[in-house]
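A short reminder: the numbers here are calculations on the coordinates, not readings from a lab. Predicted model only: the values in this text are computed from it and were never measured. Please note: Cβ atoms are built from the backbone with ideal geometry, for glycine as well, and neighbour counts cover all protein chains shown.
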2 protein chains.
Amino acid sequence: MNGKLEIAQDKFIESVGKLAASFGLNKFIAQLYAVLYLSNKPLSLDDLVERLVVSKGNISLNIRELEKWGAVKSVWIKGSRKDYYEANPDIKKVFSNKIKSAVEKRIGEVSNMITEFKGIVDSAEGELTADEKKMAKIFRERLKRIEEMESLASKAISIAEKFI
Amino acid sequence: MNGKLEIAQDKFIESVGKLAASFGLNKFIAQLYAVLYLSNKPLSLDDLVERLVVSKGNISLNIRELEKWGAVKSVWIKGSRKDYYEANPDIKKVFSNKIKSAVEKRIGEVSNMITEFKGIVDSAEGELTADEKKMAKIFRERLKRIEEMESLASKAISIAEKFI
DNA sequence: ATTATCGTTTAAAATGTTTTAAACGATAGA
DNA sequence: TCTATCGTTTAAAACATTTTAAACGATAAT
């Protein structure tokens, strides 16, 4: 490959890694996707080892994670025993799917948390002093705000779906 | 405080920590906000040390981070030498501000990255073989997809602003 | 002026995460 | 059947982040 093209690509890969890290994601997994995303042909595990200079095990592990996200799929190449991988080129969809499922999962968790919290507070109501009743009231009011946010997030997801 | 209320609060704090961690954020900083968010009165550093059982330094450090985000502000209490803190109760705004600034920052970074990448690829154009020209073409096409996503994200932010 | 009480800083310890190297099982090819 | 080539697994090493404890400067109280 032409030197400049490789340099350009390396810069890209580096930036993608930093970007992922700044979001608290694993830097390497993003770089792995980046390599496949820029490739004009499916790549094998060994190709990726060579391109990224990391262990085979690492790639194996993270490729499967990318597959789970629908960001990468394996392709069969006639006459080769190796597995080949290619990136889902619809990066917009890859991103939005990931965000959507992440948000949905968390909305569920928050919902459970609130239910549990409310339940305990309600069950305590009978045994509370006047001051504690005030506190319980504050708890309920603050929980309501969280619930509002939750429903807003749900709405946001359904709106976003129409756009993407 | 009534035992059940404290248990309820502890569960809440625990869940908030897990939630934050699952987003790749610092678990403790979220728990710190949670304690203040549920409190009916401003709390001092020492109050927080007692409630969360962590070092003073840790709280000092993370409170300032929360202040940066506009999630917490310090309040002055007459007759006390201590600093007191209270949570911004508008949790919706705290969240959306944080998300907005995070996304905006990253859009800028991606934009720079693309510009740089494009520049290098273009500068190489003259010295490329036929195959490499094909590759450069693919790079440009893939970059265009990222740019589309970028502009979509910008649009999403401005739409979201009207809702929140 | 001296002491006590604050919040902050920081180097080191504790903890958590990622990466590797090596062993392994599965399967294709000889 | 035996060997070579795959991808996967996993325990340990490398690395990164978080937390602490102790020292510190600033300021209030005595």
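Using the Cβ-Cβ distance between residue B:116 and residue A:53 with R0 set to 25 Å, the FRET efficiency from 1/(1 + (r/R0)^6) comes to roughly 0.65.
About its Cα centre, the dipole of region A:1-76 is roughly 160 debye, where the only charges are +1 on Lys and Arg Cβ and -1 on Asp and Glu Cβ.
Semi-axes of the equivalent ellipsoid for region B:44-83, computed as √(5λ) from the eigenvalues of its C-alpha gyration tensor and ordered from largest down, come to 16, 15, 7 Å. Placing a label point 7 Å from Cα along the Cα-to-Cβ axis, residue B:152 is separated from the same position in the other copies by 2.4 nm, shortest listed first.
Counting each DSSP H run of 4 or more residues in the protein assembly as shown as -39500 (n - 2.57), what helix-only mean residue ellipticity at 222 nm follows after dividing by all residues, to the nearest 500 deg cm²/dmol? Here the helix-only value at 222 nm equals -25500 deg cm²/dmol. Between copies, residue B:99 shows label-point distances of 0.8 nm, shortest first, with the point placed 7 angstrom from Cα along Cα to C-beta.
So if I take the centroid of the Cα atoms in region B:129-164 and the same for region A:36-57, what is the distance between those two points in Å? Here the answer is 23 Å between Cα centres. Across the copies of the chain, residue B:67 has label points (7 Å from Cα along Cα→Cβ) spaced 5.0 nm apart, shortest distance listed first. Placing a label point 7 Å from the Cα of residue A:64 along the Cα-to-Cβ direction, the residues of region A:16-53 whose backbone N falls under 17 Å of that point are A:29, A:45-46. Distance from the axis that maps chain B onto chain A is least for the Cβ of the chain B residue given, with the whole Å value, as B:24, 1.
The residues packed around residue B:71, meaning those with a beta-carbon under 13 Å from its beta-carbon, carry a net charge of +2 if Lys and Arg are +1 and Asp and Glu are -1. Would you work out which of A:154, A:62, A:103 lies farthest towards the positive end of the dipole of chain A, given +1 charges on the beta-carbon of Lys and Arg and -1 on that of Asp and Glu, about the Cα centre? With unit charges placed on the Cβ atoms, the residue in question is A:62.
By how many degrees, 0 to 90 and rounded to 10, does the Cα axis of helix A:56-68 deviate from the longest principal axis of chain A? With rounding to tens, the tilt is 60 degrees. Taken residue by residue and averaged, Cβ atoms of other chains lying within 10 Å of the Cβ of B:152-158 number 2. Any idea which of B:42, A:114, A:7 is furthest toward the positive side of the dipole for the protein assembly as shown, if Lys and Arg beta-carbons carry +1 and Asp and Glu beta-carbons -1? Going by the Cα projections, it comes out as A:114. Backbone amide hydrogens, once placed in the peptide plane, bring residue B:77 within less than 5 Å of B:84, excluding anything fewer than 5 places away on its chain. For residue B:72, the residues whose amide H sits under 5 Å from its own are B:67, B:88, ignoring neighbours fewer than 5 places away on the same chain, with H placed 1.01 Å from N.
Dipole magnitude for region A:32-86: computed about the Cα centre from +1 point charges on Lys and Arg Cβ and -1 point charges on Asp and Glu Cβ, it is near 160 debye. Mean partner shielding of peptide B:109-116, defined as the number of other chain Cβ atoms within 10 Å of each residue Cβ, is 3. Relative to the Cα centre, the charge distribution of the protein assembly as shown, modelled as +1 at Lys and Arg Cβ and -1 at Asp and Glu Cβ, gives a dipole magnitude of about 400 debye. For the segment A:100-107, counting C-beta atoms of other chains within 10 Å of every residue's C-beta and taking the mean gives 1. Give the angle, between 0 and 90 degrees and rounded to the nearest 10, that separates the Cα long axis of helix B:91-124 from the longest principal axis of the Cα atoms of chain B. That works out to roughly 20 degrees.
Could you run the Debye sum over the Cα atoms of region B:3-89, one equal point scatterer each and no solvent, and tell me log10 of I(q)/I(0) at q = 0.22 Å⁻¹, two decimals? Once normalised to I(0) and log-transformed, intensities are -1.12. Residues whose amide H lies under 5 Å from that of residue B:44, counting only those 5 or more places away or on a different chain, are B:85; hydrogens are built 1.01 Å from N in the peptide plane.
Taking Cα atoms only, the orientation of helix B:130-163 departs from the longest principal axis of chain B by about 30 degrees.
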